[in-house]
1. Taking each pair of different alpha-carbon atoms in segment 139-260 once, compute 1/r for the pair, average those values, and report the inverse of that mean as the Kirkwood hydrodynamic radius in Å to one decimal.
2. I need the shape label for segment 11-161. Rule: rounded when a/c is under 1.5, else prolate if a/b > b/c, else oblate, with a, b, c from the alpha carbon gyration tensor.
3. Which of the chymotrypsin sites (Phe, Trp or Tyr not before Pro) found in segment 100-177 are in a DSSP loop and have at most 12 neighbouring Cβ atoms, other than their own, within 10 Å?
4. How large is the Rg to Rh ratio of segment 73-198 when both quantities use alpha carbon positions and Rh follows Kirkwood?
5. Relative contact order for segment 65-217: what is it in percent, counting Cα pairs under 8 Å that are at least 6 residues apart?
6. Return the distance in nm (one decimal) between the two label points of a simple spin-label model at Lys110 and Gln208, each offset 7 Å from Cα along Cα→Cβ.
7. So for segment 58-121, what percent of the C-alpha to C-alpha distances run longer than 15 Å?
8. How big is D for segment 92-160, in µm² s⁻¹ as a whole number, if Stokes-Einstein is applied with the Kirkwood radius of its Cα pairs at 4 °C and 1.567 mPa s?
Amino acid sequence: MILSWDEEKLIRNIRVNSVALTYITDTLQYIWTKDSTNYREAVPVATKVLVALWRLSTGTGYRTIGHLFGIGESTACEITNAFCNLLVEVFLPMHIKLPDARRIQETMDKFEQKSGLPCIAGAIDGTHIPIRLPDRGQATSYFNYHGYYSIILQGLCDADHQYIDVNCGWPGAVHDSRVFRRSSIGISLENHTSYLEQFPPIPVMGAQVKPYILADPAYKLCDYMIVRYPRNVCVNAERRYFNYKQSSCRMMIESTFGINFAPVLFKFKI
C-alpha cells in the first residue's frame with residue numbers, strides 16, 4: 001500500500017521521496033535479505049526500510065509500528081537498529097569519503113577564487129546534536145556550553161558543501177579540539193599520513209606550501225591547520241583582512257551543517 005503512495009504522502013510520512021526510497025531499498029536488497037524458515041516468513045527488505053523510516057520519521061512506538069506492518073514489536077525494534085547500523089556501514093563509505101588529488105585541487109581552486117587564499121583543502125568544525133537526558137551518572141558529560149544535552153558531530157567539508165569526513169558520538173561537554181585529536185582524521189593529519197600527503201607542496205611567494213584545512217580558534221594552529229589571528233594580536237589592517245578572508249571560507253562548514261544537518265533534525269524525530 002505504502003509503495004503506491006504519491007510523493008507528497010511519502011514525504012509527509014517517511015520523509016523521503018520515491019527515488020530515495022527505491023535507491024535505499026535496491027542498495028540493501030542483497031545485503032539485508034534473509035531466507036524464510038519453517039517457523040517464520042522473512043520480512044522483505046522493502047518492508048524493513050519502511051519500518052525503519054517510519055520509526056525515525058515519526059517517533060511512533062514499536063508496538064504501533066508492529067501493528068501497522070504486521071510484525072512483532074521486538075522485530076520492529078531490531079529492524080530499526082539494524083537499519084541505522086547499515087546506514088553507517090554501507091551508505092557512509094559510499095557518500096562521505098576522502099578526496100583524491102584531482103578533487104583536492106578542485107577544492108583549492110574554488111576556495112582561492114572565493115578568498116584569494118591558496119592551498120585551502122577544506123574546513124572543519126563541530127556541531128551539537130540534541131539528545132534526551134542521559135543516565136544521571138553521565139549527564140554532566142553530555143551537558144554542553146549551550147545549555148542542553150548533546151553529542152558532537154565533527155565535520156570536514158570541501159568548497160561545495162560536501163562532507164569529506166565526519167566523526168560523531170563524543171559527549172557534548174568535550175572540547176572540539178579533543179574530539180579532533182582523537183578522531184581518525186586528526187590522528188592522520190598529526191602523523192602526516194593523511195589524505196593531504198598525496199598532494200605535493202605548492203610554491204607560494206617563494207615558500208613551499210602544502211594543502212591545509214581551516215578551523216576556528218578552538219583548534220591548534222599548525223602546518224596542516226590555519227586559524228584566524230586572536231583578537232588581541234589582530235592589530236593591523238593586514239591581519240584583520242586575513243581574518244575576514246579566513247572566516248569567509250571557514251564558514252563553509254557551518255553552512256554545510258545548516259544545509260545537510262538542520263533538515264535532518266527537522267525530518268527525523270529519533
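The values are calculated or read from the model by the stated rules, or taken from the named source; none is laboratory data. Remember, it's a predicted structure, so these values are computed and weren't measured experimentally. Here Cβ is always computed from backbone atoms with ideal geometry, including for glycine, and neighbour counts include all displayed protein chains. Only protein heavy atoms, including side chains, enter the accessible area calculation; ligands, DNA and RNA are left aside. Shrake-Rupley method; radii C 1.70, N 1.55, O 1.52, S 1.80 Å.
1. 16.1
2. Oblate is the answer for segment 11-161, as a/c is 1.5 or above yet b/c matches or exceeds a/b.
3. Here the sparse-neighbourhood loop sites are Tyr145.
4. 1.05
5. 22
6. Roughly 2.9 nm, to one decimal.
7. Value for segment 58-121 (Cα pairs over 15 Å): 68 percent.
8. 88
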